[in-house]
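Chemist: Dropping a structure here in structure tokens format, bear with me for questions.
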């Protein structure tokens with residue numbers, strides 16, 4: 001699979017910035033999970049995913065959540081990332097990902 005980041009119209013990479021801001025010890029497992037998805041797909045050993053709404057999914061890595069959409073042709077677009085702080089995903093985090101997913105899927 002190909003894993004890419006959502007990029008805003010202004011050229012910003014919110015997921016990349018989130019990952020860059022993490023300490024190396026927290027970013028390393030996320031990088032490893034991404035590499036596993038690229039090499040073996042979403043069912044790779046050690047990769048934990050869950051469907052949230054429609055085409056919106058989450059990749060769970062420790063306390064971090066990366067929200068994504070899988071496109072035709074084997075591309076996964078990482079839309080949004082955040083640190084889990086409660087049992088349920090915060091509404092604003094999901095709404096941000098859904099808005100980005102709509103933009104990505106409109107150009108699919």
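Chemist: Tell me whether region 1-19 contains one or more residues that are within 20 Å of residue 99 (Cα to Cα), in contact with a helix residue (DSSP H, G or I) (Cβ under 9 Å, 6 or more places away or on another chain) and loosely packed, with under 12 Cβ neighbours inside 10 Å.
Modeler: yes
Chemist: Next question, about the same structure. Provide a single number: the residues in region 83-95 that are outside any loop (DSSP other than H, G, I, E, B) and free of Cβ contacts under 8 Å to residues at least 24 places away in the same chain. Working first, answer last.
Modeler: Here is the first cut: in region 83-95, the residues outside any loop (DSSP other than H, G, I, E, B) are 83, 91-95.
Within this subset, residues satisfying the condition of being free of Cβ contacts under 8 Å to residues at least 24 places away in the same chain are 83, 91-92, 95.
So the count comes out to 4.
Chemist: Counting only residues that are in a loop (DSSP other than H, G, I, E, B) and either touching a strand residue (DSSP E or B) at 6+ places or on another chain (Cβ under 8 Å) or within 23 Å of residue 32 (Cβ to Cβ) (or both), how many does region 96-108 have?
Modeler: So the answer is 1.
Chemist: Report, by residue number, each residue of region 63-82 that is outside any strand (DSSP E or B) and more than 22 Å from residue 22 (Cβ to Cβ). Walk me through it before giving the result.
Modeler: Looking only at region 63-82, we keep the residues that are outside any strand (DSSP E or B), and these are 63, 72-74.
Scanning region 63-82 gives 72, 73, 74.
Chemist: I'm trying to understand the selection: among the residues of region 43-67, which are closer than 20 Å to residue 8 by Cβ and in contact (Cβ under 8 Å) with a residue 40 or more places away in the chain?
Modeler: 55, 56, 66
No value in this document is a laboratory result; all are computed from the given coordinates. In this text the structure is predicted, and so the values were computed from the model without any measurement. For neighbour counting, all protein chains shown are included, and Cβ atoms are generated from backbone atoms with ideal geometry for every residue, glycine included.
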